[in-house]
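Written below as structure tokens is the structure these notes are about.
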Amino acid sequence: MSSTPVEITWLLAAVSKGDASAFERLYAATGAKVYGVVLRILRRPELAADVMEDAYLQIWSRAGEYDPTQQTPIAWMVAIARSKAIDLARQPREGSNSGESEVIDEDEGPGAVPRHAMTNELRKLLTCIGRLEPDRQRMLLLAYYGAFTCQQLAVKLDMPVNLLRASLRRSLFEVEQCLGA
Amino acid sequence: MNDTGDMDALAAEYVLGTLESGERAQALALTTIDPGFVEKIRWWERRLSELHLMVEPIEPDAKIWERIKPKLPVAEPNVQVQPAETPKPAEASDDATPSGVFDELPASAPASMPAAPQLTPAVTPLAPAADGTPPPPSDEALAPPPPVLPPPLIPERATAAAPKVAVTPKRGHSGIWIVLTLLLALLVLALGGLVAAWRYAPERLPAQLRPVEVMRQLGIAIPVGPPPRPPAPPESQYDE
């Protein structure tokens, strides 16, 4: 992705005024990143395509709500798409990924981020996550990237679901304190 | 954990995505009645969504954009706004030109195009007048063919009314015409003055211009009355 956050912010501003060509450029600039996040959660391209459609139509209609002082534009768009992907993943269906044994590889953890793409916000977040024990670090990142339920995580990590949930909540609380809520 | 702690944890887990579907539906319902809960969700979204930087981008199928594009709700009205604005400058500058010709041109065209249609009405009267044929019925056509006094006005009005660009190529032509008209008008004035002088003050004219002399030079026989009979010699009065 070659577009800078400034360019994407500018495109979002144009989209908020109904500029359809800016929206096409916005999709071209951000679609691969958003699709990567969504497909990682849903695993199935046809479901990911549904979420992409939903998410970008919402981005089109809510572009004016984006606040550049709060987060980067791509993070705002990813949050919208990711929430929709989780909604879809929670819907009961045949062949859902609950029984799949696929586990996110370790090399897609924090060390995989390109140095030039690192932001202050991400560095701060990773610093706070890095203060957790390694098991809890992996649990938290696995939960985020795969959007697994506690039940699914418990199966993957081979631990009781109640214990896992308590551990996860404690991790979230500590990260929140670390970030200075 | 107390209730507030539970709410915080629920918001964090909602964003993280670890809630079962029933819990997620409850959290979603909370967002409609608890602004503080919504604020908590926004906070976690802002913090955690930075993690997207570690996700490898995957190029989506082109069909996905083909699905999104036709569903943009405001796309059609937005497109219609632009054509509605462009004809305005065309109408404003083209009111003297035949309508409909420029309506479909882009907005930039009227700036240069109207000069062409205006050139025709401004210049055409000049050419027929120079030929001596009656000009077409237009404003300039008021000029009558007999070159009395109005004719000199025509070129002046045409020059003033027509754009400079339109007249420039015809300048040499109309200049000749102006000179001819003025000469003709002077000739008429001179002849009229001469006729008046013949009638009212023939004695003031130079000898060459007196009617008798002019007519003699033109070879016109002067119907002179019978010459006065010389007085008959006294001796002849008895001849008859």
### Message
Step by step: first the residues of the range A:136-165, then only those that are aromatic (Phe, Trp, Tyr) and not in a loop (DSSP other than H, G, I, E, B), then the one that is farthest from B:ASP6 (Cα to Cα). Which residue is that?
### Response
A:TYR145
### Task
Give the residues of the range A:19-43 that are without any contact (Cβ under 8 Å) to a residue 24 or more places away in the chain and either more than 8 Å from every other protein chain (Cβ to nearest Cβ) or open to solvent by 10 Å² or more (accessible area, probe 1.4 Å) (or both), sorted by residue number.
A:ASP19, A:ALA20, A:SER21, A:ALA22, A:GLU24, A:ARG25, A:ALA28, A:TYR35, A:LEU39
### Query
What about A:GLN58, is it without any contact (Cβ under 8 Å) to a residue 60 or more places away in the chain, at negative phi, within 7 Å of chain B (Cβ to nearest Cβ) and under 17 Å from the mean Cα position of the chain (by Cα)?
no
### Query
Regarding B:LEU53, is this residue within 7 Å of another protein chain (Cβ to nearest Cβ), within 60 Å of the chain's Cα centre (by Cα), hydrophobic (A, V, I, L, M, F, W, C) and on the phi < 0 side of the Ramachandran plot?
yes
### Task
Check off (1) open to solvent by 60 Å² or more (accessible area, probe 1.4 Å); (2) not in a helix (DSSP H, G or I) for A:ASP50 and give me the number that stays unchecked.
(2)
### Residue among B:ALA27, B:ALA62 that alone is at pLDDT 85 or above, surrounded by fewer than 20 Cβ atoms within 10 Å (Cβ to Cβ) and either closer than 24 Å to A:ALA147 by Cβ or within 9 Å of chain A (Cβ to nearest Cβ) (or both)
B:ALA27
### Single condition A:LEU168 does not satisfy, out of (1) open to solvent by less than 50 Å² (accessible area, probe 1.4 Å); (2) modelled with pLDDT of 95 or more; (3) in a helix (DSSP H, G or I); (4) more than 9 Å from chain B (Cβ to nearest Cβ)
(4)
#### Entry: Matching option when the condition is open to solvent by 50 Å² or more (accessible area, probe 1.4 Å) and of a type in the set (Phe, Trp, Tyr), among A:TRP60, A:TRP76, A:TRP10
A:TRP10
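The values are calculated or read from the model by the stated rules, or taken from the named source; none is laboratory data. Only a predicted model underlies this, so the values are computations on that prediction, with no experimental measurement involved. All Cβ positions, glycine included, derive from the backbone under ideal geometry; neighbour counts span all protein chains shown. The accessibility values were calculated without ligands, DNA or RNA, using every heavy atom of the protein model including side chains. Shrake-Rupley method; radii C 1.70, N 1.55, O 1.52, S 1.80 Å.
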